[in-house]
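One structure is given here, and the rest of the page talks about it.
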Amino acid sequence: MASAAKQSKKLRILVMPFFATSHILPLTDLAFHLAAVRPDDVEVVVAVTPANAPIVQSALARREPSRASVEVATYAFPAVDGLPPGVENMSTVTAADSWRLELAATDEALLRPAQESLIRESSPDAIVSDLHFFRWNAGIAAELGIPCVLFNVVGIFSTLATWRLALCANVKDAPAGSSVTVPQFPGPEISLPVTELSEFLRNPPAFDKAAGAHFMMLLKSCGFISNTVFDLEREYCESYADSGYVKRTYCVGPVALPMAPPARAGSAGRSACLDWLDTKPTHSVVYLCFGSLTNLPEAQLDELALGLEASGVPFLWVVRVKKWEPPVGWKDRVGDRGMVVMGWAPQTDILQHPAVGAFVTQCGWNSVQETIAAGVPVLTWPMVYEQFISERFMTHVLRIGERLWPEGAGRRSTRYAEHDVIPAKEIAQSVAKFMENGGAAEAARRRAMELSPKVHAAIAEGGTSNRDLHQLIDDFIEARASVAGTTTS
């Protein structure tokens, strides 16, 4: 009777994101979908440190009301030398200290006790853990006899490319000024300068440590959730599945969609930037946003401001630095042609606005999927991590945009210290040329608009992402029943 009663309870899933807004938001979105798609069967708990709880709560509040049961649980953030109390997110830490926070997320002795205590107190039936961090959670889940599935915040294209390069012996020995080609990769040939490779690929000791830990985590896990649309990355998804890296792959993206519809003009609480967009012609505005992790130096911010001024193109620019003032007289010269938003802006609503004609993006995966869903072409400006690989997916494979700064014009790197500052003149020329009548933006928009229905079809009832979401829940329920049957016997 006791086991039957336990089986009648909702499936309880514990979701554990890394300490970065770009990870917390998609994992919170996933939590919502898991609970919303089967509200009678599933309840979800998102586990974060106290300073990150408001991010989860805000993301859930932006969702349309539903019967989805999503709770927020907290565990203590460890004391880390050099980090002030309350600094628990990559978006709030300084660029110079970001390594301290990343180190905490990979230090088992430092972080595991608090996380393991919460896991045991929560008594989940399954765990969804961030792929790139908290590798011990798969081991904890195995000890408890429950499934642990890893969530990947980036696409399959960049994931497959990274691990093809990781398994290529030549990469670690490549000279600093050279380029490497992704081996055994479907589709067009993809090459990257060494400076554009993720840090662990450029650093042999870090590479060996990270690769070993990563593969051990994959082996202990029961599967791999990707925030992607199968039909956007079909041949790369198939190649990844055939590689044997993971036991099972669930493609459930884009988890950021669908969102509540934008508020109508004149509605209380509607963002002022949407009211401003209402005054602009169709496809006339360049929208710029570089995500929550980018730290552009003041010199680059100044050049970008002057470049946008010189382009003559209307622009909406989201600046997420705490302190920066544009060049003297810039605001007066630009006038109503440009709008700067300091802090957060409703990106999905902005991209869906008919006035937006192009998106200058750092190629973060959430932004990639949101711009495809909206059918908006891109000018790419990658900054860190896998973003340089995702750029190739947008420009070489999907062909929905082009690089902001032409190849060979200056050095780009996954390390901020190695970035060349893009001059205002180059920015102005690139933006103006892309946006001119009959320019590259029009052809790229047509391709983006052709891809947009695939994204929306995937998340609709019966679509590929919707089916994989149901399959994930079914697999968790089956695993729970298997554990209960073993316990009873």
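Rule-based calculations on the coordinates, nothing more; no lab input. Remember, it's a predicted structure, so these values are computed and weren't measured experimentally. So basically every Cβ, Gly included, is an ideal-geometry build from the backbone, and we count neighbours across all protein chains shown.
Please give the contour-minus-distance gain from GLU442 to TRP99: 0.36 nm per residue of separation, less the Cα-Cα distance, rounded to one decimal in nm.
Gain on extension, GLU442 to TRP99, equals 119.4 nm.
Shape call for the stretch 272-454 from the C-alpha gyration tensor, a ≥ b ≥ c root eigenvalues: rounded (a/c under 1.5), prolate (a/b greater than b/c) or oblate?
rounded
How big is the charge dipole of the chain about its Cα centre, in debye rounded to the nearest 20, if each Lys and Arg gets +1 on its Cβ and each Asp and Glu gets -1 on its Cβ?
400 debye
Going through the stretch 341-412, which GluC sites (Glu not before Pro) have at most 10 other Cβ atoms within 10 Å and a DSSP loop state?
Passing sites in the stretch 341-412 are GLU407.
Could you pull out every one of the aspartates and glutamates with an alpha carbon less than 19 Å from that of LYS323, ignoring same-chain neighbours closer than 8 positions?
LYS323 reaches ASP97, GLU298, ASP302, GLU303.
Could you name the aspartates and glutamates in cross-link range of LYS454, using Cα to Cα under 18 Å and dropping any fewer than eight places away on the same chain?
Cα-Cα hits under 18 Å: ASP231, GLU233, GLU235, GLU238, GLU370, ASP468.
Once fully extended, how much extra length lies between ARG62 and ALA176, figured as 0.36 nm per residue of separation less the alpha-carbon to alpha-carbon distance?
My answer for the length gained is 36.6 nm.
Any chance you could get the radius of gyration and Dmax over the Cα atoms of the chain, in Å?
Looking at the chain, its Cα Rg and Dmax stand at 22.6, 78 Å.
Once you sort the root eigenvalues of the Cα gyration tensor of the stretch 62-146 as a ≥ b ≥ c, which label holds: rounded (a/c under 1.5), prolate (a/b larger than b/c) or oblate (the other case)?
oblate
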